[in-house]
């Protein structure tokens with residue numbers, strides 16, 4: 001399911017047209033099975049007014065002492081999955097591990113002002129802060145804010161390890177409300193979700209590294225992408241039928257994708273994405289430790305619906321917020 005990339009020389013010529021035609025790959029593209037009925041409406045704060053907001057940890061990772069670091073995301077911890085083989089996956093594998101760093105990744109689940117459910121992907125970057133996309137909490141078309149948002153950590157086959165760990169989003173710091181230009185909206189399509197409980201102390205959280213684009217591009221086939229994609233797992237395939245909760249309820253993991261180029265401050269990558277994977281972190285392993293190096297947010301599609309390039313957001317904004 002590798003996306004075919006456009007010729008590099010032509011990227012600069014139509015990057016503006018790509019930004020104008022991108023599909024922000026999640027809004028209302030979900031088969032949600034849990035309604036956030038009890039959650040309260042979050043407070044929304046634009047970046048310019050977030051002077052008192054701070055990210056505990058300042059970009060450093062935290063691995064709880066009771067969680068091992070696991071390199072194999074499809075090695076199951078839950079007994080019901082431990083006898084399942086890993087033969088016949090596509091180039092994405094199901095996230096079946098409840099060990100670190102996979103434990104820090106979860107499903108962002110929201111309710112629009114019209115009462116429609118949707119989901120995205122998010123990653124804990126502090127004990128009570130989740131990183132995702134702005135378009136996962138603000139409708140780019142109507143500019144309306146979601147009325148309810150939950151974060152479900154480490155969801156596997158529709159279940160979290162403990163339902164009491166499902167956290168409500170109390171405050172949202174966002175980079176764009178989609179009132180700017182297409183390019184501005186793309187560059188700033190990020191959001192930080194402040195949770196009502198410090199579940200990162202239990203599940204751990206990832207650090208980040210804001211690296212130059214030249215460094216990101218140089219390390220080809222080195223990145224890991226995790227997302228609750230709306231087309232995964234395909235339970236019509238025999239090897240995935242045991243994931244009975246259906247598509248979007250078990251994250252997929254792709255190892256070995258690339259950030260192929262940077263144009264106009266926009267990252268272009270070839271990690272496999274679809275609706276629901278928005279907000280997913282692109283992860284690099286540095287010094288044997290996983291770090292967030294970029295944020296997936298959109299895909300460009302041709303008229304026949306085939307994605308030919310995916311877009312990402314730089315994470316240098318996290319450095320600025322961490323210094324607050």
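All of the numbers you see were taken from the coordinates with simple rules; none came from a lab. Computed from a prediction, not measured in an experiment: that's the story for all the values here. Please note: Cβ atoms are built from the backbone with ideal geometry, for glycine as well, and neighbour counts cover all protein chains shown.
The table below lists the values:
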item	result
Cα gyration tensor, the stretch 171-245 - rounded (a/c under 1.5), prolate or oblate	prolate
Extension gain from residue 66 to residue 144, taking 0.36 nm per residue of separation minus the Cα-Cα distance	24.0 nm
Inter-label distance for residue 56 and residue 219, nm, one decimal - labels placed 7 Å from Cα along Cα-to-Cβ	2.8
Förster-model FRET efficiency, 45 Å R0, residue 201 and residue 264, C-beta, rounded to 0.05	0.70
Relative contact order for the stretch 183-301, counting Cα pairs under 8 Å that sit 6 or more residues apart, in percent	28
Fewest-first sequence of 205, 118 by Cβ atoms within 10 Å of each Cβ	118, 205
Difference of contour (0.36 nm per residue) and Cα-Cα distance, residue 286 to residue 44	83.8 nm
